[in-house]
Amino acid sequence: MAGLGTGRAVLFVVPALALIAAFLVFPALWTLYLGVLKYDLAGSNAAAPQFVGLGNYTDALTDPRFANSVLLTLAFVGLSAVLGQNGLGFLLAATLRRAVGWVRMLVNGLVLLSWILPGTVVVFLWQALLDRNGGTLNALLDTPGAAWTLDHPLATIVVFNIWRGTAFSMLLYSAALDAVPTSHLETARLYGSGPLRTFRDVVLPRIRGHILTNTLLITLWTFNDFTPYMLTGGGPEHRSETLPVYVYRMSIEGGQLGFGSAISLIMLVINLVIALFYLRLLRRRGG
Amino acid sequence: MSEPQRVDPGNRAVRRILGDAVVRHALSRIGLYVFAGVMLVFFALPLLWLVLTPFSRTPAYQITAPSFTLHNFRVLLDNPFALRSIGNSLILAGGTAVLAVVFAGTAAYALSRVRLPGRDALLYAILLLSSIVTGTAAMVPIFLMLFQLNMIDNRLALVLVLTGGLLPSAMFILKDFMDSVPKSYEESARVFGASPLQILRHVVAPVVRPGLATIAVWAIVQVWGNFLLPYILLHDQNKQPAAVIMYTFYDEGGTPNFALISTFSLLYSVPVVVAYLIVNRRYGFRFQGGIKG
Amino acid sequence: MATIELAALEKTYPGGVRAVDGLSLTIGDGEFFALLGPSGCGKTTLLRTIAGLEEATGGSLSIGEREVTRLAPGQRDVAMVFQDYALFPHMTVLDNIAYPLRIKRVARAARHEKARQTGDGLELAELMARRPAELSGGQQQRVALARAVVAHPSAFLFDEPLSNLDARLRLSARTFLKRLQRELGVTTIFVTHDQAEALAMADRIAVMEAGRIRQVGTPREVFGRPANTFVANFIGSTPMNLLPATVTDHRLLLAAGSLPAPSGLGARREVTVGIRPEYLDFSATAVPDALSGTVGIVEHLGTSSLVTLETDGGPIGVVVPEEAEPAAGSTGWAVPRPGRVLLYDNETGDLLPT
Ligand SMILES: Nc1ncnc2c1ncn2[C@@H]1O[C@H](COP(=O)(O)OP(=O)(O)OP(=O)(O)O)[C@@H](O)[C@H]1O
Ligand SMILES: [Mg+2]
């Protein structure tokens, strides 16, 4: 307190806390309230929202489109993040370190590029890649006319998200593997342990924490990712309509704000569960 | 690679093991480069379009053999919305970066210096909050709030929304930086008569500059690529940033204007790549869990 | 330029630790004043309270006639040198030295000029463009001094400024610092836990224990006549001999012999006799008014040696010239020099007037 003075300290903290309160705390609380209203952007329920209690929630839970969306989201997150980004990121981190300098730099650079480019741009790049007629993929595979986004919408967004997000896992696992002391690896090799054994006995115990951290973070991000909408628009026939897309289409496009809020709240709760896991982990490692 | 010199080559058992090791080694090298090659193709393939099409005489979905032209950039310059949207992106990203650095910086400084009961719990709580109240999960209330306040199409409002989302992580990261500044620096300046603001400007900010720069670049990259929030909060095409405006580069039939989109994509992508290279060169990749979110 | 006056100054930390416990003290204008004491006795706290970095919880403080107890640090017109020097890592040496002037809104050219002059005086001319990380410990210390000097304060506050230097450099830095202070004539308070440093440099020394001052005096007084057994123990590179004794009529009876007693003590009381090893002479033959024992360990101190006599009343240290070292195992006598025998009250530990 010395020097700064309590008054000034408060002054320093207030702008940040005010913005956080206005745009994080308040929306979260408001979602809670909006979720129990029948509240539309236009029409009779716009002027005078109607209290419907848990109506929105029961509507959601009985809506097959909601169930479909939950299942799609599970598949999307599980396949693209937990398995895809995680596995590919680890493989890249573990193998590229043994490749010669320029190969490593080149592959690393490309993986990173796919991560840092703006979402709108990469979405268009993928549209060009997958286009029915002139798409590069069809040209390469000699499958003219194959409509990947229409025939395999889920696979499309899964592969796209692996491509898009693997860089983070790769960087994290690289850092984690760098921290495994060479002396441990050498000791294992001295005793004649093969690569798989070495991995299990020496590497895995050291990076277990990183694996958990990485999985939780990419799960959280992928779960909230809106990019699938930009690629497939949720279609065709809701076949790539993950929860964020579902919320967007119901509330912003469809104007059902109350109903959208109810779904948002469900998303918030899922986020909370993932984040709590993650924070527990952070704190345990920090303390 | 160094074992062969270490063992006695006269020993037959050793020679056999060595032979096996060489074969295994060769196989694993081959496997490694096959994998690297596949990855190279997988990650490079979508990017080809971005580097080739802007210079193609016949821009389309199809990647064409190089037929160099700069004509497409003429199309880009002639489009009234393209350059303006880049400017809008700059305003949004710059404004958010400035606010995030200033507000997170002052708040982190105060929190680092003042002993408040429950301070760490507060920090964890807002960090938790920022990871759960994502743009996607909070789009309805945020949209509705600005809609009712008549602030749709208000860029300052959008900047504030974006800043609010970035502040918790920024504060969390900056507090670590602030904590690492020795107290004696500030006390020394204080004895010479420096005011708290002077201390912040002359001493603390320069010492934690790497942290501030990290936050600034991170904020710029986050906002630069953000689609959802500007998409739902800015409807006036004159105010929309690059991320959103690309969706207007189609003709009435829904065919993309390839000349425009390809060159625009390139122009729009270059700043983030440059920013990344700068940060990577100057500070290395500081691994901060949650920095991209 | 200014006297510093503490009146019942008190600092209690929020946790309840009373680090400065009602100190009253006047430090004269231009005086080089050392605060000496064991670790944790409150030296730093006292210095920081004087600087205003800690708020006094009681009493008052004035610097040069001006009551400053409630003033902010910047308004007290003092300069402080920290133990870690606190040089700003992002500024060059020149900018570091000029910083106090920047705060005082001196124009850039003028303050650089002034900083250069000050730096020249401290042999920093060649280093002006460097950053602190590119300097040796001794150079950093001089930059910190220059930064304090340039501010032209009415008092300097130094918190163990020499403790980060190696032993040899510390000796030259002592001389340097003392000369600088002489030339500038600025009132200086100097914190140290090294008694030799305090004795060598200070005009006066305050010896502290647990937030209180146990003795204030010149180095000679503090060394020669410690006011209590705490100070006696703390001051001196070889510890003072403290021996139990009984006063009888005109004699002090110790286990190792008897000494003439000063008059006016009254009869039959138990006291502690304090004699510095430096104030004892060694004799290999029996002499009257001496303490006797067997020569034990002999430690070489350079031009002299510390001889430990094992006596019936415990070990007694005697400093002997190097050519007069006795053989271990022989019998020896320690003869106090006249007027060097101090008596301390057994209850209070205070020096008894003699
Ligand atoms: N910020 C603080 N809060 C609470 N107690 C403190 C604080 N700073 C110091 N103390 C306590 O006050 C007492 C005096 O500490 P101080 O640092 O003044 O000692 P010192 O004489 O400078 O010791 P040293 O020679 O080790 O530097 C100690 O008991 C210490 O534990
Ligand atoms: Mg101290």
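The values are calculated or read from the model by the stated rules, or taken from the named source; none is laboratory data. Computed from a prediction, not measured in an experiment: that's the story for all the values here. All Cβ positions, glycine included, derive from the backbone under ideal geometry; neighbour counts span all protein chains shown.
Below, the figures for the structure above:
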read-out: All positions within the stretch C:26-37 that are within 10 Å of ligand 2 (Cβ to nearest atom) and not in a strand (DSSP E or B); value: C:GLY37
read-out: When residues of the stretch B:100-124 are limited to those that are part of a loop (DSSP other than H, G, I, E, B) and farther than 18 Å from A:VAL25 by Cβ, the one nearest to the other protein chains (Cβ to nearest Cβ); value: B:VAL114
read-out: Selected residue (only one of B:VAL203, B:VAL223, B:VAL270 is in contact with an Asp or Glu (Cβ under 7 Å, 6 or more places away or on another chain), part of a helix (DSSP H, G or I) and modelled with pLDDT of 85 or more); value: B:VAL203
read-out: Subset of the stretch C:10-45 (residues that are more than 14 Å from every other protein chain (Cβ to nearest Cβ), more than 24 Å from C:ASP84 (Cα to Cα) and within 13 Å of ligand 1 (Cβ to nearest atom)); value: C:GLU10, C:THR12, C:GLY16, C:VAL17, C:ARG18, C:ASP21, C:LEU23
read-out: Conditions (1) in a helix (DSSP H, G or I); (2) within 11 Å of chain A (Cβ to nearest Cβ); (3) surrounded by fewer than 16 Cβ atoms within 10 Å (Cβ to Cβ); number of the one not met by B:LEU77; value: (2)
read-out: Residue identified as within 30 Å of B:VAL133 (Cα to Cα) and either surrounded by fewer than 18 Cβ atoms within 10 Å (Cβ to Cβ) or of a type in the set (Lys, Arg) (or both) among B:ARG201, B:ARG209, B:ARG190; value: B:ARG209
read-out: Residue within the stretch C:325-336 that is touching a residue at least 12 places away in the same chain (Cβ under 8 Å) and either under 21 Å from C:LEU199 (Cβ atoms) or assigned by TED's automatic domain parsing to the domain that holds C:ARG225 (or both) present; value: no
read-out: Failed item, numbered, when B:ALA82 is tested on (1) in contact (Cβ under 8 Å) with a residue 60 or more places away in the chain; (2) buried (at least 22 other Cβ atoms within 10 Å of the Cβ); (3) facing chain A (nearest Cβ under 7 Å); value: (3)
read-out: Qualifying residue in the stretch C:38-45 (condition: outside any helix (DSSP H, G or I), away from ligand 2 (no atom under 16 Å from the Cβ) and in contact with a helix residue (DSSP H, G or I) (Cβ under 8 Å, 6 or more places away or on another chain)); value: no
read-out: Inter-residue pairs, beta-carbon under 6 Å, first free of Cβ contacts under 8 Å to residues at least 24 places away in the same chain and in the stretch C:231-258, second surrounded by fewer than 19 Cβ atoms within 10 Å (Cβ to Cβ) and not in a loop (DSSP other than H, G, I, E, B), 6+ apart; value: C:ARG251/C:SER258; C:LEU253/C:THR246
read-out: Among residues of the stretch C:171-199, those that are within 16 Å of ligand 1 (Cβ to nearest atom) and more than 13 Å from the chain's Cα centre (by Cα), counted; value: 0
read-out: Filtered residues of the stretch C:51-87 (kept if crowded, with 21+ Cβ neighbours inside 10 Å and within 12 Å of ligand 1 (Cβ to nearest atom)); value: C:LEU53, C:PHE82
read-out: Tabulated pairs, the stretch B:86-105, first closer than 15 Å to B:TYR268 by Cα, second charged (D, E, K, R), C-beta under 8 angstrom, 6+ apart or interchain; value: B:ASN88/B:ARG155; B:ASN88/B:LYS239; B:ILE91/B:ARG155; B:LEU92/B:ARG155
read-out: Helices (runs of 4 or more DSSP H) enclosed by the stretch A:35-127 - at least 2 residues per element that are within 30 Å of A:LEU171 (Cα to Cα) and within 12 Å of chain B (Cβ to nearest Cβ); value: A:86-96, A:101-116
read-out: The one condition in (1) surrounded by fewer than 19 Cβ atoms within 10 Å (Cβ to Cβ); (2) more than 18 Å from the chain's Cα centre (by Cα) that A:VAL82 fails to fulfil; value: (2)
read-out: Residue identified as among the small types (Gly, Ala, Ser), within 8 Å of chain B (Cβ to nearest Cβ) and within 16 Å of ligand 2 (Cβ to nearest atom) among C:ALA51, C:ALA79; value: C:ALA51
